[in-house]
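The next block holds one structure in the form of structure tokens; read it before the comments.
The values are calculated or read from the model by the stated rules, or taken from the named source; none is laboratory data. Given the structure is predicted, the values throughout are model-derived calculations rather than measurements. Glycine gets a Cβ as well: all are built from the backbone with ideal geometry, and neighbour counts include every protein chain shown. Ligands, DNA and RNA are stripped out before the accessible areas are found, and what is left, the full protein with its side chains, is counted by its heavy atoms. Shrake-Rupley method; radii C 1.70, N 1.55, O 1.52, S 1.80 Å.
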Amino acid sequence: MPIDLDELRAALRIRFEADLLLGARALPIAAAPSAAAAPMKATPAPPHRVAAINPQELAQRSAALETLDTSSVRGCTRCRLCEHRSRTVFGQGSPAARIVFVGEGPGAEEDRTGLAFVGRAGELLTAMIERGMGIPRDDVYICNVVKCRPPDNRTPMPDEIAACSPYLFEQLRIIQPEVIVALGAPAAQTLLGTREGIGRLRGRFHDFYLSGTPMVGPTIPLMPTFHPAYLLRSPGEKAKAWEDLKLVLTRLGLPIPRSR
Ligand code: SF4
């Protein structure tokens with residue numbers, strides 16, 4: 001079968017971007033494996049990547065998310081963004097996720113497929129999660145603040161965010177993650193109820209109030225970090241994003257993968 005050079009280039013680009021995220025400063029050159037030199041290692045306990053909930057609880061969460069999507073979001077006309085969408089983009093991943101990643105809104109590829117983070121920024125996010133954090137993407141949950149694509153990928157307007165964010169809050173109440181990662185300023189500002197910029201918010205945990213009202217009810221730790229689309233434009237900031245993700249891994253007691 002002939003090699004598709006475009007596909008090969010794309011795969012190498014994503015791998016290299018993930019390596020840069022991990023702090024690599026040059027293309028990795030793999031050493032030939034040496035069976036004789038390899039020390040015997042004890043098999044480590046598998047990391048606890050999804051919440052330990054019973055099958056009944058898992059089924060309930062799955063059903064609640066499905067109902068929210070099919071009964072409320074798919075036919076939603078609460079704001080003007082419904083006029084431009086091809087389809088709504090509810091979000092996807094494990095209902096038992098320990099981490100929920102929240103972005104801003106769907107782009108062109110997401111609008112076409114109905115899936116969150118599947119364009120170029122989505123490829124980088126997948127690399128950050130899988131190669132950077134060492135977690136299968138299917139073990140986390142990924143969604144956006146608004147469920148319909150803003151025209152020309154503009155930032156969602158305050159009234160659009162106000163109309164749509166109750167869906168996001170409900171998703172978070174159903175999943176009850178242990179950590180939320182807010183990708184970019186609109187997600188962080190919506191969830192924290194602040195106007196502070198992402199540069200000042202990132203790098204430390206904040207309290208997200210599940211009730212949607214500050215100082216009322218239980219909280220979930222929230223780590224703001226840069227949006228992958230911004231990291232594609234500003235690769236020099238990837239090291240900071242990796243620092244943020246390492247804090248998330250530490251908070252969850254998950255191992256920090258070594259640079260490859
Ligand atoms: Fe409804 Fe949200 Fe789409 Fe607006 S963006 S129409 S509130 S689903």
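Across the range 68-82, the number of residues qualifying as touching a residue at least 12 places away in the same chain (Cβ under 8 Å) and in a helix (DSSP H, G or I) comes to 7. Checking each residue in the range 187-224 for being closer than 18 Å to ASP159 by Cα and either of a type outside the set (Val, Ile, Thr) or out of contact with any helix residue (DSSP H, G or I) (no Cβ under 9 Å at 6 or more places or on another chain) (or both) picks out ALA187, ALA188, GLN189, LEU191, LEU192, GLY193, ARG195, GLY212, THR213. Of the numbered conditions (1) in contact (Cβ under 8 Å) with a residue 60 or more places away in the chain; (2) surrounded by fewer than 18 Cβ atoms within 10 Å (Cβ to Cβ), ASN54 fails exactly one; give the number of that condition. Failing condition for ASN54: (1).
Take ARG85 and tell me if it is more than 13 Å from the chain's Cα centre (by Cα), within 15 Å of the ligand (Cβ to nearest atom), under 18 Å from ASN153 (Cβ atoms) and part of a loop (DSSP other than H, G, I, E, B). Break it down into steps so the answer makes sense when it comes.
Working: more than 13 Å from the chain's Cα centre (by Cα): yes; within 15 Å of the ligand (Cβ to nearest atom): yes; under 18 Å from ASN153 (Cβ atoms): yes; part of a loop (DSSP other than H, G, I, E, B): yes.
So ARG85 fits the description; yes.
Checking the conditions here, which among LEU168, LEU115, LEU125 is closer than 30 Å to GLY253 by Cβ and touching a Ser or Thr at 6+ places or on another chain (Cβ under 8 Å)? Checking each option against the conditions leaves just LEU168. Taken over the range 140-174, residues that are away from the ligand (no atom under 13 Å from the Cβ) and within 14 Å of the chain's Cα centre (by Cα) amount to 4.
Contact annotation: residue pairs with Cβ atoms under 7 Å, 6 or more positions apart or on different chains, pairing a residue in the range 98-110 that is touching a residue at least 40 places away in the same chain (Cβ under 8 Å) with a partner that is open to solvent by 10 Å² or more (accessible area, probe 1.4 Å) and in a strand (DSSP E or B), are ARG98/VAL50. Against the condition closer than 27 Å to THR67 by Cα, within 14 Å of the chain's Cα centre (by Cα), more than 16 Å from the ligand (Cβ to nearest atom) and in a helix (DSSP H, G or I), how does ALA121 come out, does it pass? No: the conditions fail for ALA121.
In the range 131-153 there is at least one residue that is in a helix (DSSP H, G or I) and surrounded by 21 or more Cβ atoms within 10 Å (Cβ to Cβ). The single residue among LEU65, LEU115 that is within 16 Å of the ligand (Cβ to nearest atom), modelled with pLDDT of 95 or more and either open to solvent by 20 Å² or more (accessible area, probe 1.4 Å) or not in a helix (DSSP H, G or I) (or both) turns out to be LEU115. Close contacts from the range 138-159, counting a first residue that is in contact (Cβ under 8 Å) with a residue 60 or more places away in the chain and aliphatic (A, V, I, L, M) and a second that is within 12 Å of the ligand (Cβ to nearest atom) and open to solvent by 20 Å² or more (accessible area, probe 1.4 Å), with Cβ to Cβ under 7 Å and a gap of 6+ residues or different chains, come to VAL146/GLY105; VAL146/ILE161. In a residue-by-residue description of the range 98-112, the property of being on the phi > 0 side of the Ramachandran plot, out of contact with any Cys (no Cβ under 7 Å at 6 or more places or on another chain), open to solvent by 10 Å² or more (accessible area, probe 1.4 Å) and more than 16 Å from the ligand (Cβ to nearest atom) applies to no position.
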